[in-house]
Amino acid sequence: MSLTSGFYRFVFVSDGSDPEWTNWSNLGGYNQPDNFLLAEDFVEILLSGEWNDVPASLKRPFVCEHKPGVYFVIQAIYCCTIGSENDTVVSAMGYLANNLQPILDDWTVLTETLAISFESEALTHFEAAKRCSKKGGRLYEPWDQDEYNLVTGNLLVNHQDWTEFWIGLSDFDEEGR
Ligand SMILES: [Ca+2]
């Protein structure tokens, strides 16, 4: 199975790597990605969970992701290297207990390594990416199919006001527009 889809090579925005799997739609009877009018370089997910390439200028709500495990460990180490000669592990656990909740409130923790946040404000792809970054995360990049099923399951149950959401997949750099 080719990882590229026809002429188009969509990669994760964060590091330009190829997805290990794809989930393209045949929206409107056309196999996606179709780069309609040669202007579709960014990817939305549909409520079906399938992917479609669309122009970056469209406004969509979006899904941010965050790696809570790594984030919390870094926070804990940071906390306990400042002015503490006590048992680092105990201090770190105390820090986590005191500081976990506000972070959890802002993110839905799906697994030990993935927290997501559904943002209902419709923004362009670039604006959405910036917003995720401001929250300490990035646009959601579906690396893992099982995790992806959790994410889209959550979308279906809780976020049906919109039918399309930005994720962090693009062929903008590949295709150069
Ligand atoms: Ca398309």
- line: Of the residues in region 16-34 that are surrounded by 11 or more Cβ atoms within 10 Å (Cβ to Cβ) and not in a loop (DSSP other than H, G, I, E, B), the one that is nearest to the ligand (Cβ to nearest atom) is 27
task: Might you check whether a residue that is modelled with pLDDT under 95 and within 13 Å of residue 165 (Cβ to Cβ) occurs anywhere in region 21-35?
output: no
- prompt: If you scan region 128-172, which residues turn out to be closer than 17 Å to residue 14 by Cβ and part of a helix (DSSP H, G or I)?
  reply: 128, 129, 130, 131, 132, 133, 134, 147, 148, 151, 172
message: Among (1) buried (at least 23 other Cβ atoms within 10 Å of the Cβ); (2) assigned to a helix (DSSP H, G or I), there is one condition residue 64 misses while meeting the rest; what is its number?
response: (2)
message: Exactly one condition in (1) without any contact (Cβ under 8 Å) to a residue 60 or more places away in the chain; (2) exposed (fewer than 13 other Cβ atoms within 10 Å of the Cβ) is false for residue 156; which is it?
response: (1)
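The values are calculated or read from the model by the stated rules, or taken from the named source; none is laboratory data. Only a predicted model underlies this, so the values are computations on that prediction, with no experimental measurement involved. Virtual Cβ from ideal backbone geometry, glycine too; neighbours counted across all protein chains shown.
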